[in-house]
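For reference, the structure is listed below as structure tokens.
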Amino acid sequence: MTERKKIILSPPAAPDAERDPLAPRRPPVRGAGSAPRKRLTVEEAEQAAKARAEAAQQAAQAPAAAPRDESRWPGERQPAQAPRRDERPSAPRQQRDDRPRQSAPQRVDDRRPDPRQGPRDQPPRRQDPRQDPRGPAPRGARPDPRGQAAPRGPRQDSRQDTPHPSQQDFRKDGRRAQGPRPVQAPAPTEGSVEHDGRIRLSKLMSERGLSSRREADEWIEHGWVLVDGEVVSELGSRVYPHQDVTIDAAAKTQQAQRVTILINKPIGYVSGQAEDGYEPAFVLIRPENHWKEGERNKMLLTRGHLKHLAPAGRLDIDSTGLLVLTQDGRIARELIGEDSNIEKEYLVRVELPDQPEEKNISGLFPGELMDKLRHGLMLDGIALKPAKVSWQNEQQLRFVLREGRKRQIRRMCEQVGLKVVGLKRVRMGRIVLGNLPLGQWRFLQPDERF
């Protein structure tokens, strides 16, 4: 095996400070970090030295104005520089317009609008009918949304059913609305709908006192209402006011089973739902509070009697006396309906705000203010109905009203300089409180009427 000798052909490389800037740089050997460098033969080393000498001579003869690009390899070709924008020769306008367009035409259907910009205001560009392979559109044809004229008649292309994006509806936030725009029927002109004078059957039954509207709807659903002998079972049915309305016996039986309860409400209970930590008077209806001495028809309290009980004529938390809770809509309408004329009688204890120790208030109260209590006052801008007001004793007034405004008696007395310190309701229509003890209740008897 012959031994190869290492031949050093050039001196070691000088530091960067002593290296000639014009000397060509030797390209790095690929894989120098891990694999050994390739050893050259004598002939290859001489050829490499000659090439470096020639390159150094050419670099020395090059003009100084053209700096050498040291980032490129020796013998590498300089890339051609693109001319500047302002140095490009501008073509004539006519030459640019006559050049054929190479880009394919864009379909109008593919151009989707930006939802943030809303619908386009510009109509789509119409194509030249001479370039259309189908030929020119016939006379009287409607313009196609895609820019082509489509003849009248049945549509052959299913894509015509989809309108152009610019013709679709957009919501206020810029998004496209889902589905087509609903077709609105034209508003009826005056006189096109004639009023025949019919009213809802439930309203007619309520006006005649047969039932409440809620009861009427229940009876109509069960088929217990007959109009001129024919059963009406559809809600919302309309009839003429002169038609005959009869009620089936089953409905009357169900109505007779509904109860009305009279309570002597104490102070501190509310009439309806519980509020501000106060209990409703409904909680007083218990077997131990049942006052049976005032009942001729003995009845036992059941769970069904406690369902759908509603107050008919409220009493505020600071008032006491007769409170009516009923399941019968007819009684509720009779007591608190808009056209109710049932009298409500109250005993009201008053005092003078500036003389709280005065006992003879009736002797000091002027007669003209008493006349104003009877008629002439207003609440919330609405005149009150005439009332019956008289002195029951020196410190107590008797009020008889035919309406029930919120805290009406207290606000009436404040307007004439009186302060209410006690209020008790003793009568509603023909039903009196009587001897019913405070905090107890009884059933309204079948022969009792308000």
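What separates the Cα centres of the stretch 358-395 and the stretch 208-228 is a distance of 44 Å.
Can you list which of the GluC sites (Glu not before Pro) found in the stretch 266-333 are DSSP loop residues with at most 14 other C-beta atoms within 10 Å? Please list the in-between numbers first.
Working: sites: Glu275, Glu288, Glu293, Glu295; in loops: Glu293, Glu295.
Those satisfying the criteria are Glu293, Glu295.
In terms of its alpha-carbon gyration tensor, the stretch 199-256 comes out rounded; the largest-to-smallest axis ratio a/c stays below the 1.5 threshold.
Give me the number: length gained by fully extending Thr41 to Ala250, i.e. 0.36 nm times residue separation minus the C-alpha to C-alpha distance, one decimal in nm.
Gain on stretching Thr41 to Ala250: 62.6 nm.
Residues Phe450, Phe399 in ascending order of nearby Cβ atoms (within 10 Å, fewest first): Phe450, Phe399. Scanning residues 5 or more positions from Val270 or on other chains, those with amide H under 5 Å from its amide H are Glu279, Ala281, with H placed 1.01 Å from N in the peptide plane.
Footprinting exposure proxy ranking of Leu306, Leu315, Leu364, fewest other C-beta atoms within 10 angstrom first, gives Leu364, Leu306, Leu315. Available extension along the chain between Gln273 and Val227 is 12.7 nm, counting 0.36 nm per residue and deducting the alpha carbon span. The residues Ile263, Ile331, Ile382, Ile409, when put in order of fewest to most other Cβ atoms within 10 Å, stand as Ile382, Ile331, Ile409, Ile263.
Only loop residues by DSSP count here, and only those with at most 11 other Cβ atoms within 10 Å; note down the trypsin sites (Lys or Arg not before Pro) in the stretch 359-404 that meet that.
Details: sites: Lys359, Lys372, Arg374, Lys388, Arg398, Arg402; in loops: Lys359, Arg402.
Qualifying residues, ordered by number: Lys359.
Any read-out appearing in this document is the output of simple, stated calculations on the displayed coordinates, not a laboratory observation. Keep in mind it's a predicted model, so treat the numbers as computed, not measured. All Cβ positions, even for glycine, are placed from backbone atoms using ideal geometry, and neighbour counts span all protein chains on display.
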